[in-house]
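Right, one structure below, let's go through it.
The values are calculated or read from the model by the stated rules, or taken from the named source; none is laboratory data. None of these values were measured; they are calculated from a predicted model. Cβ coordinates were reconstructed from backbone atoms using ideal geometry, including for glycine residues, and neighbour counts include every protein chain displayed. For accessibility, only protein heavy atoms count, side chains too; no ligands or nucleic acids. Shrake-Rupley method; radii C 1.70, N 1.55, O 1.52, S 1.80 Å.
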Amino acid sequence: AIEISQRLFSDDFAEAVIALTGKEPDCTDKTVMTELLGAYMQDHFQLTVNGKQATVNFLGYEYEEATWSLWCYMEVRGVRKLRTMTVRNSILIEQFEDQENIIHVKRNGKTQSERLKGLKRQVYFSWE
């Protein structure tokens with residue numbers, strides 16, 4: 001499986017929800033937040049694995065009070081051998097002009113990193 005974690009600041013996410021729905025989210029309601037985060041991730045985070053669109057499953061989230069962060073957890077099941085991966089990430093891009101999404105991919109003990117910002121919203125990794 002491919003395991004994914006995504007960190008968002010809770011106030012930034014609340015602003016994105018307000019922009020999309022016109023309503024402020026109830027951040028204290030775990031069920032509502034799980035639904036909102038899952039739908040938002042589905043719309044703004046996609047993977048193509050070995051040339052095929054992958055199903056990214058939202059597993060849940062944790063709130064880190066010290067940094068006001070929402071840690072979202074996702075996974076892609078059934079990947080036997082990872083040869084290529086395209087990450088499309090437009091999280092918070094619509095709300096913040098200066099938004100940067102940093103992608104770290106760890107595979108076989110090595111980390112590759114890319115920074116997405118502005119019009120650059122996807123990155124391609126290859127291990128062939």
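For this structure, a couple of remarks:
- Among the strands (runs of 3 or more DSSP E) confined to segment 79-128, the ones with at least 1 residues that are small (Gly, Ala, Ser) are located at 110-117, 122-126.
- Residue check for Glu3: farther than 26 Å from Thr86 by Cβ and either touching a His at 6+ places or on another chain (Cβ under 9 Å) or open to solvent by 90 Å² or more (accessible area, probe 1.4 Å) (or both): no
- Residue list for segment 46-69, filter: modelled with pLDDT of 95 or more, assigned to a strand (DSSP E or B) and open to solvent by less than 70 Å² (accessible area, probe 1.4 Å): Gln46, Leu47, Thr48, Val49, Asn57, Phe58, Gly60, Tyr61
- Qualifying residues in segment 12-26 (those that are closer than 16 Å to Leu70 by Cβ and not in a helix (DSSP H, G or I)) - the one least open to solvent (accessible area, probe 1.4 Å): Pro25
- The C-beta contact set for segment 98-109 (first residue farther than 15 Å from Gln122 by Cβ, second residue open to solvent by less than 90 Å² (accessible area, probe 1.4 Å) and assigned to a strand (DSSP E or B), distance under 6 angstrom, 6+ apart or interchain) comprises His104/Thr111; His104/Ser113.
- Count - residues of segment 104-128 that are surrounded by 12 or more Cβ atoms within 10 Å (Cβ to Cβ) and polar (S, T, N, Q): 2
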